[in-house]
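A short worksheet on the structure shown next.
The values are calculated or read from the model by the stated rules, or taken from the named source; none is laboratory data. From a predicted model like this one, the values you see are computed outputs, not experimental measurements. So basically every Cβ, Gly included, is an ideal-geometry build from the backbone, and we count neighbours across all protein chains shown. Protein only, heavy atoms only, side chains kept; ligands, DNA and RNA dropped before computing areas. Shrake-Rupley method; radii C 1.70, N 1.55, O 1.52, S 1.80 Å.
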Amino acid sequence: MKAAVVTTAGSEPEYRDFPRPEAGQGGQIVDLVASAIHPVVRAKASGEHYSSTGEFPLVPGVDAVARTADGTLVYTGDVESPWGTFAERMAVTLALPLPIGADPVAVAAGVNPGMSSWMPLTGHAEEHGTPDTVMILGVTGAAGGLAVQNALGLGVRRVIGVGRGADAIKRVAGLGAETVEIVGDQGVDAAAIGAAFDGKAPDLVLDFLWGGAAEAAFQALVDLPGEGSTSYAEIGSAAGEQATVPASLLRSRPFRLSGSGIGSFDMRRYFAEVAVYVQRIADGKVQVDAHAYPLSRVGEAWTAPAGPRPVLIAD
């Protein structure tokens, strides 16, 4: 079969032949309809992601919309390595039927980045009630934009979006977030973030950046008077793998720091929420920005400039 194949760590995928997978017990073979190039896909293909196997060659891709033998469109993923979802066919056990009328490209592009904020948002709501104020670090990316839509859709009153780039910040403001532009100077960024708090700590922080951006947010919280409680969800590390947490922050206010990723979820809850989120995409409650490329043009899609999420579709 044809697939996008990464031959060595960090190399670009090539459209070439790859052995067909075989379905194990309880599995089935499905045909590719659409699969997106998410940041986690790039990280796994580079060998740098914590879930990377280090096996090459491999077919990248973590999730997809596929067609079963009877023609049903399903959302799927969790393909056994070295196979992935960037292939004409894949062996899967997960097969969530799409709602009638759902756009396969939007679902393929939106579930992964959208669920990254949906899980901590809904988890917080279940445990503490809907947060009044949510701050999003790294709001200008695809996941950040969906996080704004998710928070407002769940009834969050105030969303503070923190990111870089004037044009991207304006786009996020158009989604309904209050915005803070950071510049990479910790002192300047901490002051800007602190000013946006307007005297009240956010109930929940969704952090797609970590690194120096997180340290600026920590400093802003340390400098904030009062005792407001904050839950801090570390989701991504686009700004660096390391961040120093001040001891004073941990002692000065109720502050809970946790990671949010596929390895930290209760998978039964995750799959239940995936079904909810696919329905939200199908209903148009979140808008997903995507650009489709045929699988045979994976090289072009892989090197596409920042913008709409690249999605590979069957040739």
Return one number: the angle in degrees, 0 to 90 and rounded to the nearest 10, between the long axis of the Cα atoms of helix 186-197 and the longest principal axis of the Cα atoms of the chain.
80 degrees
Between Ala109, Ala196, Ala247, where does the largest GNM mean-square fluctuation fall for the chain, given springs only between Cα atoms within less than 10 Å?
Ala247
In whole angstrom, how far apart do the alpha carbon centroids of the stretch 232-250 and the stretch 128-158 sit?
19 Å
Reduced to Cα centres, the span from the stretch 48-69 to the stretch 275-301 in Å works out to 17 Å
Just to confirm the number: angle between the C-alpha axis of helix 142-153 and the first principal axis of the chain, 0 to 90 degrees, nearest 10?
70 degrees
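Provide the gained length on full extension for the span Arg42 to Ala195, in nm with one decimal, where the gain is 0.36 nm per separating residue minus the Cα-Cα distance.
Values: separation 153, 0.36 × 153 = 55.08 nm, distance 3.54 nm.
Extra length available between Arg42 and Ala195 comes to 51.5 nm.
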Solvent-accessible area of Leu204, probe 1.4 Å, all protein chains present, reported in Å² to the nearest ten, please.
10 Å²
With the crude spin-label approximation of a point 7 Å out along Cα→Cβ, what separation in nm comes out for Met267 versus Leu250?
3.1 nm
What number comes out for the charge environment of Gly161, summing +1 per Lys or Arg and -1 per Asp or Glu over other residues with Cβ under 13 Å away?
+1
Just by accessible area at a 1.4 angstrom probe, what is the order of Asp207, Asp78 from largest to smallest?
Asp78, Asp207
For peptides 156-166, 211-221, sequence by mean Cβ density within 10 Å, most packed first:
211-221, 156-166
Could you sort the peptides 47-56, 135-144 by per-residue average Cβ neighbour count (10 Å cutoff), highest mean leading?
135-144, 47-56
To the nearest 0.05, what FRET efficiency results for Tyr50 and Thr93 with a Förster distance of 22 Å applied to their C-beta separation?
0.45
What is the chain's relative contact order, in percent, from Cα pairs under 8 angstrom and six or more apart in sequence?
18 percent
Roll a 1.4 Å probe over the protein heavy atoms and report the accessible area of Val188 in Å², nearest 10.
80 Å²
Tell me the trypsin sites (Lys or Arg not before Pro) within the stretch 217-315 that lie in a loop according to DSSP and have at most 11 other beta-carbon atoms within 10 Å.
none
Farthest toward positive dipole pole in the stretch 1-101 [+1 Lys/Arg, -1 Asp/Glu at C-beta], among Gly26, Ala87, Pro99:
Pro99
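For the stretch 74-124, what does the alpha-carbon gyration tensor say about shape, rounded, prolate or oblate, given a ≥ b ≥ c as the root eigenvalues, a/c under 1.5 as rounded, and a/b over b/c as prolate?
Oblate.
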Relative contact order [Cα under 8 Å, 6+ residues apart], the stretch 56-144, whole percent
22 percent
Let me know the charge dipole size of the chain about its Cα centre in debye, to the nearest 20, where only the beta-carbon of Lys, Arg (+1) and Asp, Glu (-1) is charged.
320 debye
Sort the stretch 147-201 into rounded, prolate or oblate with this rule: let a ≥ b ≥ c be the square roots of the eigenvalues of the Cα gyration tensor; rounded if a/c is under 1.5, and if a/c is not under 1.5, prolate when a/b is larger than b/c, oblate otherwise.
oblate
Throw me the Rg/Rh for the stretch 257-310, computed over C-alpha atoms with Kirkwood Rh, two decimals.
1.10
Environment charge of Gln279, counting only residues whose C-beta is closer than 13 Å and scoring Lys/Arg +1, Asp/Glu -1
-1
Ranked highest first by the average count of other Cβ atoms within 10 Å around their residues, in what order do 97-105, 259-267 fall?
97-105, 259-267
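Share of Cα-Cα pairs in the chain beyond 23 Å, in percent?
57 percent
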Cross-link reach list, lysines versus Lys2, counting only Cα pairs under 29 Å and skipping chain neighbours closer than eight places:
Lys44
Tilt, helix 211-223 to longest principal axis of the chain (alpha-carbon atoms), in degrees rounded to tens, equals 30 degrees
